[in-house]
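The structure appears right after this line, and notes come after that.
The values are calculated or read from the model by the stated rules, or taken from the named source; none is laboratory data. Note that the structure is a prediction, hence the values are computed from the model and not measured. Ideal geometry is used to build each Cβ from the backbone, glycine not excepted, and the neighbour counts take in all protein chains shown.
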Amino acid sequence: MSTERSELKVARWYFGGIASAMAASCTHPLDLLKVHLQTSFTGGQGGQTVTTVQPTLVTTTVSIVRNQGVIALYNGLTACLLRQLTYSTTRFAVYEVIKQKLVTIDPNDPKSIPNMPFYQKVLAAAFSGAVGGLVGTPADMVNVRMQNDIKLPLDKRRNYAHAFDGLLQVYKHEGVSRLFNGATSATSRAALITIGQISMYDQFKYMMMKYAPQVFEDNLTTHFTASFLAGACATTMTQPLDVIKTRMMNAPPGVYRGIGHCASTVISELGPLGFFKGYVPAFVRLGPQTVLTFIFFEQLRIRFGKSR
């Protein structure tokens, strides 16, 4: 398919959610390992497991597989998929609607690439991410809890059967407000990650196709390269808030008074580098997830998108 022809196809509003769910199905074990590393620390505050040796990606993986089996790496998959179908569908849908309203193309230039100013991409991504983060908070909280359940003592496990059971149990026993626990940090993180992923992906893709058209067209090579760079940007931008969000969602009621208290706790226990705890598995997860998401997204757009 030629560059001109594929570039004239635009995504349907739900393509982002489908692509994100497909990617999350592949990268879920890495997301689970990231959560385990972020919620482990020395000390016993908040009912967390006391550890004397800081776990690594390898030791955490070996421990889970040895004690729970390989299938435990997919613990919380239903909540993960529900999160993508709420959070990612919303943020991609809002961004694409805004983009299709603002993007311009020169009808007199057959090689013109659809584009909008970078600042508009950033603002659109920030708004889209914030809306998506709020919508996806309940599923995100259940996702974190289900992933972290296997490291808790048997008598303290929540044992949600699936994502919808988790939502129902939280609603029945903790109230509807608890479903949005950590919404502030989740929304802020979602805004940042959407800037890092979607707006940076659009920008990298545009720059490569504009300034190196002999090498980059609207094809798999361009989609892979742009999404890999976007994944690196997104991981670096969001890791501190991701650590705070994970801790607040997993903590029992009353442990943290707010984002500031959670942040100060991280600093006192682990120092400033504690905000980047789990960075390697976060990048290992977010990098492939970003790449797969945009590859799936672009294939859906090219093959099933609507004409511009």
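Worth a mention:
- Unmet requirement for Ser20, which otherwise passes all of (1) farther than 30 Å from Ser112 by Cα; (2) of a type outside the set (A, V, I, L, M); (3) at pLDDT 85 or above; (4) buried (at least 19 other Cβ atoms within 10 Å of the Cβ): (1)
- Complete set of residues in the stretch 134-176 that are more than 23 Å from Thr27 (Cα to Cα), surrounded by 20 or more Cβ atoms within 10 Å (Cβ to Cβ) and charged (D, E, K, R): none
- The set of residues from the stretch 280-308 being aromatic (Phe, Trp, Tyr) and surrounded by 18 or more Cβ atoms within 10 Å (Cβ to Cβ) comprises Phe283, Phe294, Phe296, Phe297.
- The stretch 283-304 residues that are in contact (Cβ under 8 Å) with a residue 60 or more places away in the chain and outside any helix (DSSP H, G or I), paired with ones that are buried (at least 20 other Cβ atoms within 10 Å of the Cβ) and not polar (S, T, N, Q) (beta carbon under 8 Å, 6 or more apart): none
- Figure legend. Inter-residue proximity from the stretch 210-228: first residues free of Cβ contacts under 8 Å to residues at least 60 places away in the same chain, second residues basic (Lys, Arg), beta-carbon distance below 7 Å, spacing 6+ or different chains. Indicated pairs: Thr222/Lys205.
- The residues of the stretch 165-186 that are farther than 24 Å from Leu241 by Cβ and either assigned to a loop (DSSP other than H, G, I, E, B) or at pLDDT below 85 (or both) amount to a single one, Gly175.
- Identity of the residue in the stretch 111-133, among the β-branched types (Val, Ile, Thr) and in contact with a Lys or Arg (Cβ under 8 Å, 6 or more places away or on another chain), that ends up surrounded by the most Cβ atoms within 10 Å (Cβ to Cβ): Val131
- Test: residue in the stretch 32-48 that is surrounded by 22 or more Cβ atoms within 10 Å (Cβ to Cβ), at pLDDT 85 or above and more than 18 Å from Arg301 (Cβ to Cβ): no
- Flag if Met249 is under 21 Å from Val144 (Cα atoms) and in a helix (DSSP H, G or I): yes
- If you check Val255, Val243 for being outside any helix (DSSP H, G or I), in contact (Cβ under 8 Å) with a residue 60 or more places away in the chain and of a type outside the set (Gly, Ala, Ser), only one passes: Val255.
- Failed item, numbered, when Ala125 is tested on (1) of a type in the set (Gly, Ala, Ser); (2) at pLDDT below 90; (3) under 22 Å from the mean Cα position of the chain (by Cα): (2)
- Any hit, the stretch 194-203, residues being under 16 Å from Arg145 (Cβ atoms) and in contact (Cβ under 8 Å) with a residue 40 or more places away in the chain: no
- Some residue of the stretch 111-121 being under 18 Å from Tyr14 (Cβ atoms) and in contact (Cβ under 8 Å) with a residue 12 or more places away in the chain: no
- Summed over the stretch 217-240, the residues that are in a loop (DSSP other than H, G, I, E, B) and surrounded by fewer than 21 Cβ atoms within 10 Å (Cβ to Cβ) give a count of 2.
- Residues satisfying the stated conditions in the stretch 1-17, i.e. at pLDDT 70 or above and either farther than 25 Å from Thr194 by Cβ or outside any helix (DSSP H, G or I) (or both): Lys9, Val10, Ala11, Arg12, Trp13, Tyr14
- Yes/no for Gln100 being farther than 30 Å from Phe127 by Cα and either without any contact (Cβ under 8 Å) to a residue 12 or more places away in the chain or out of contact with any helix residue (DSSP H, G or I) (no Cβ under 7 Å at 6 or more places or on another chain) (or both): no
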